Amino acid sequence: MSESEKRPKDQLKAHIRAQNQALILETAERVFARQGLAKTTTQTIANEAGLPKANIHYYYRSKKDLLEAVLEQIMQAWLESVSRFNSEDGPKVNLTRYISEKMDQSRLRPNASKVFAMALIGEEPFVLDFLRQYFVEELKKEQAIIASWVEAGLMKPVPVEHLFISMWALTQTYADFGAQVKILLDKEELAEADFEEAKRFVTQMVLQVCGVEYSL
């Protein structure tokens, strides 16, 4: 078979592989979030994905490998969907945008947030290593930018680590503890308007702590 004849077949195989992996990861994220990391089995994921269990293990040798692939996809998506701080825009624009994007993550991918939280609670080494490798480095960059805003008198000095821990908690709780939020708001499901209201409240609270003027 010539190289030109092989190419379409190779492309088809790659397409099928990508489709199967996307389906498996999407299904695994949903099942892990619903059943928990310990109770989830690859058989359950296969059943829900409509694939033979052998297909799951063709791409991922074990449940641990599959969980790590799900977590890697989640964390990579988070890194890509949250804008890095831009010193020229100042604290108000950057903090408002950051909170908005984090809240959007909770609204659009609540299962991802739940799986990540479960892995953190269980102190999964893969997640801890990822946080040390990427998030700590990113935080150092944000610290330098925030220090420049403080020096310029654009905001009050705040403990940056606790600022980010608080913003993560205030935004991710709408996914991780969505059931509690729905009970307190007396809602069957949270609407986009509920998240927008939460954005405004959390943004106002954070900006006030930072000594930055807030206006609707």
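The values are calculated or read from the model by the stated rules, or taken from the named source; none is laboratory data. Worth saying up front: this structure is predicted, and the values here are computed from it rather than measured. Every residue, glycine as well, gets a Cβ built from its backbone with ideal geometry; the counts of neighbours run over all protein chains shown.
Could you check segment 152-169 and list, in sequence order, the residues that are touching a residue at least 40 places away in the same chain (Cβ under 8 Å) and among the aromatic types (Phe, Trp, Tyr)?
Listed by number, the list holds a single entry, TRP168.
Do the conditions hold for LYS141, that is, is it among the basic types (Lys, Arg) and surrounded by fewer than 16 Cβ atoms within 10 Å (Cβ to Cβ)?
In short, yes.
Looking for something at pLDDT 95 or above, among the β-branched types (Val, Ile, Thr) and within 23 Å of SER83 (Cβ to Cβ) - is there at least one such residue anywhere in segment 166-189?
Checked against the condition, which is being at pLDDT 95 or above, among the β-branched types (Val, Ile, Thr) and within 23 Å of SER83 (Cβ to Cβ), segment 166-189 yields at least one hit.
Can you name the number of the only condition in (1) at pLDDT 95 or above; (2) over 24 Å from SER81 (Cβ atoms); (3) out of contact with any Phe, Trp or Tyr (no Cβ under 7 Å at 6 or more places or on another chain) that ARG200 fails?
Checking ARG200 against (1) at pLDDT 95 or above; (2) over 24 Å from SER81 (Cβ atoms); (3) out of contact with any Phe, Trp or Tyr (no Cβ under 7 Å at 6 or more places or on another chain), the one that fails is (2).
Test of understanding: among THR27, THR40, which residue is in a helix (DSSP H, G or I) and over 30 Å from GLY211 (Cα atoms)?
THR27
Taking segment 170-216, which residues are of a type in the set (Gly, Ala, Ser) and under 19 Å from the mean Cα position of the chain (by Cα)? Break it down into steps so the answer makes sense when it comes.
Restricting attention to segment 170-216, the residues satisfying the condition of being of a type in the set (Gly, Ala, Ser) are 175, 178-179, 191, 193, 198, 211, 215.
Matches in segment 170-216: ALA175, GLY178, ALA179, ALA198.
Out of the residues in segment 60-78 that are surrounded by fewer than 15 Cβ atoms within 10 Å (Cβ to Cβ) and not charged (D, E, K, R), which is modelled with the highest pLDDT?
SER62
Any idea which residue in segment 167-214 is nearest to LEU139 (Cα to Cα), counting only those that are in a helix (DSSP H, G or I) and among the hydroxyl-bearing types (Ser, Thr, Tyr)?
Across segment 167-214, the extreme among qualifying residues is THR171.
What about SER81, is it within 28 Å of GLU189 (Cβ to Cβ) and at pLDDT below 90?
So SER81 fits the description; yes.
For segment 145-163, which residues satisfy the criterion of being assigned to a helix (DSSP H, G or I), surrounded by fewer than 15 Cβ atoms within 10 Å (Cβ to Cβ) and at pLDDT 95 or above?
Within segment 145-163, ALA147, SER148, GLU151, HIS162 qualify.
Looking for whichever is closer than 23 Å to LEU131 by Cβ, in contact with a helix residue (DSSP H, G or I) (Cβ under 8 Å, 6 or more places away or on another chain) and surrounded by fewer than 17 Cβ atoms within 10 Å (Cβ to Cβ) here; the options are SER106, SER81. Which one fits?
That would be SER81, the only listed residue that is closer than 23 Å to LEU131 by Cβ, in contact with a helix residue (DSSP H, G or I) (Cβ under 8 Å, 6 or more places away or on another chain) and surrounded by fewer than 17 Cβ atoms within 10 Å (Cβ to Cβ).
Residues of segment 148-192 being on the phi > 0 side of the Ramachandran plot and not small (Gly, Ala, Ser), which ones?
Quick first cut of segment 148-192, residues on the phi > 0 side of the Ramachandran plot only: 153, 186.
Scanning segment 148-192 gives a single hit, ASP186.
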